[in-house]
């Protein structure tokens, strides 16, 4: 078995409001530039997991995140990738 670094990114669905992202844009970024049109925030979790393959490692992390309700699938999206 090999150890893999698996990144899980949890972000709001595209139509969901993101007050934190809007605040960062309005009060910080817009003071420097007007070229940024939107900011979305997200939570990143980094897992170190032993597995037989990258695919198995990613699937195991997806399963963990879903079963333990680390995110709400009604309002959030989960992206998982192996570094």
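The values are calculated or read from the model by the stated rules, or taken from the named source; none is laboratory data. The model shown is predicted, which means the values in this text are computed figures rather than measured ones. Cβ atoms come from the backbone with ideal geometry, glycine included; neighbour counts cover every protein chain shown.
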Test: residue 10 is touching a helix residue (DSSP H, G or I) at 6+ places or on another chain (Cβ under 6 Å) and at pLDDT 95 or above: no
Checklist (1) at pLDDT 95 or above; (2) part of a loop (DSSP other than H, G, I, E, B) applied to residue 23, failing item: (2)
Among the candidates 46, 36, residue that is without any contact (Cβ under 8 Å) to a residue 60 or more places away in the chain and more than 27 Å from residue 72 (Cα to Cα): 36
Pairs where the first residue, in region 56-83, is part of a strand (DSSP E or B) and the second is at pLDDT below 95 and surrounded by fewer than 14 Cβ atoms within 10 Å (Cβ to Cβ), C-beta under 9 Å, 6+ apart: 76/16; 77/14
Enumeration of residues in region 1-29 that are over 30 Å from residue 56 (Cα atoms) and either in contact with a strand residue (DSSP E or B) (Cβ under 7 Å, 6 or more places away or on another chain) or surrounded by 12 or more Cβ atoms within 10 Å (Cβ to Cβ) (or both): 16, 18, 20, 21, 22, 23, 24, 25, 29
